[in-house]
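> Supplied in structure tokens, the structure appears directly below.
What follows is calculated from the coordinates using simple rules that are stated; it is not laboratory data. What you see is a predicted model, and the numbers here were worked out from it, not measured in a lab. For neighbour counting, all protein chains shown are included, and Cβ atoms are generated from backbone atoms with ideal geometry for every residue, glycine included.
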Amino acid sequence: MGRWTTILLTVMALTVSASACGQGAAPPAVRGWVTTPADSLLAEAVLADLASHAGDPVPELMIRAGKALEGQPYVAGTLDERPEGGGKEELRIFLTRTDCIIFVETCLALARTAVQGGGFQMLADEIRQSRYRDGRVEAYADRLHYTTEWARQGEARGVLKDVTRALGGERLDRPVHYMSAHPDSYPLMDDPDAIRAAEDRINSEPRYYVPKSKIAGALKDIRTGDIICLVSAVDGLDIAHVGLALVENGEVRLLHASTGTMNVTVDSRTLQEYLRERSSITGIQVLRPI
């Protein structure tokens, strides 16, 4: 029995135990966050493994963390469950269910926590600083809903570097406005003006992307651990999907929370093949963890 199989079996046992105690459906808030015994146990296990490789670069630790989470189910809307009693926005930390951006964000937070020698509390703080504007968790609009704003805050914090232009990226003239134009799709949105203000901030600065037609020329400069953001063709939306680049034998694949397999996986297709099959994607942006 492998190391991660043992961990996952233990996690499953704890999940069943929590559910039997009536705690499975609504995980309690602890020290300013919401999680479950299964999620905190898995996080601690991954951090313990990463600690033994803490001298490795952050991108490599992210890949190690991502592979430790292989098989975890893709679950949409994990962050959009209404808080108990209709309370304010809550910091939610889940590893046993994820979507594409939560997966990437969690891998980055796990890696950064490991190199600092921290535990779950530091992990929670890393996620908070990454997910929320200026690290403030008070309202729905404080969350960085657009990947573009998430990336820019990461750059401002010195955590990420947008290398899209260096890879041959071109100016992307498509304003962001999807959330404000589709408020019915976001039932927790309680301050449309704040969302519009966030969109205005995003649109006030130029964005760049590598078009699908030029991906081949950029592949040689993509590194393992780079964050690949797939640019959406949907009007008003910036990014449709994100994953981690895994470069092996000269080929780039995605380690991601896939809507195809509905779990965390290393995609069997190369990045070029993956993009070729998706008319809803116009190109990529590439973020490099520091």
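> For the range 195-236, count all C-alpha to C-alpha pairs, find those more than 13 Å apart, and express that count as a whole percent of the total. All intermediate terms of the calculation are to be shown ahead of the outcome.
Numbers: 598 of 861 pairs.
That tail contains 69 percent of the Cα-Cα pairs.
> Separate question: Between the range 205-245 and the range 73-126, what is the C-alpha centre distance in whole Å?
The two parts, judged by their Cα centres, are 23 Å apart.
> Give me the percent relative contact order of the chain, please, defined on Cα pairs under 8 angstrom at least 6 residues apart.
Values: 486 pairs, mean separation 58.2, N = 290.
Dividing the mean separation by the residue count of the chain yields 20 percent.
> By how many nm would the segment from Ala233 to Val115 grow when fully extended, if each residue of separation counts as 0.36 nm and the alpha-carbon distance is taken off?
Numbers: separation 118, 0.36 × 118 = 42.48 nm, distance 3.72 nm.
Stretched out fully, the Ala233 to Val115 stretch lengthens by 38.8 nm.
> For the chain, which DSSP H helices look membrane-span-like by this rule: Cα extent along the axis of 20 Å or more and mean Kyte-Doolittle of at least 0.0? Intermediate values should be presented prior to the final figure.
Details: long enough: 3-20 (26 Å, 1.21); 37-51 (21 Å, 1.03); 100-115 (23 Å, 1.80).
Within the chain the helices that satisfy the rule are 3-20, 37-51, 100-115.
> Given the range 203-290, what whole percent of its Cα pairs are spread farther than 19 Å? Mind showing how you got there, number by number?
Numbers: 1318 of 3828 pairs.
Here the long-distance tail beyond 19 Å is 34 percent of all Cα pairs in the range 203-290.
> Report the residue, chosen from Gln72, Gln129, Gln116, that carries the largest GNM mean-square fluctuation when the chain is represented by alpha-carbon nodes joined by springs under 10 Å.
Ranking Gln72, Gln129, Gln116 by mean-square fluctuation puts Gln116 first.
> Looking at the calculated P(r) for the chain, what percent of the C-alpha pair distances fall above 30 Å?
Details: 12162 of 41905 pairs.
Percentage above 30 Å: 29.
> Which loop-located chymotrypsin sites (Phe, Trp or Tyr not before Pro) does the range 75-139 contain, where loop means any DSSP state but H, G, I, E or B and the Cβ has at most 16 other Cβ atoms within 10 Å? Don't jump to the answer; show the numbers that get you there.
On the way: sites: Phe94, Phe103, Phe120, Tyr132; in loops: Phe94.
Answer in residue order: no site qualifies.
> Could you list which residues have their amide H under 5 Å from that of Arg207, counting only those 5 or more apart in sequence or on another chain, with H placed in the peptide plane?
Leu172
> Under the 0.36 nm per residue contour assumption, what length would be gained going from the current alpha-carbon distance of Arg136 and Arg223 to full extension?
Details: separation 87, 0.36 × 87 = 31.32 nm, distance 3.19 nm.
Computed gain between Arg136 and Arg223 is 28.1 nm.
> Under a 10 Å cutoff between Cα atoms, tell me which one of Asp226, Asp125, Asp184 has the largest fluctuation in the Gaussian network model of the chain.
Asp184
> How much length, in nm to one decimal, is gained on full extension between Arg165 and Ile290, taken as 0.36 nm per residue of separation minus their Cα-Cα distance? Show your work: numbers first, answer last.
Values: separation 125, 0.36 × 125 = 45.00 nm, distance 1.70 nm.
Taking Arg165 through Ile290 to full extension adds about 43.3 nm, to one decimal.
> Give me the net charge for the shell around Asp134: Cβ to Cβ below 15 angstrom, other residues only, Lys and Arg +1, Asp and Glu -1.
Working: positive: Arg128, Arg131, Arg133, Arg136, Arg143, Arg152, Arg157, Arg201; negative: Glu89, Asp125, Glu126, Glu138, Asp142, Glu149, Glu155.
Overall, the nearby charge balance is +1.
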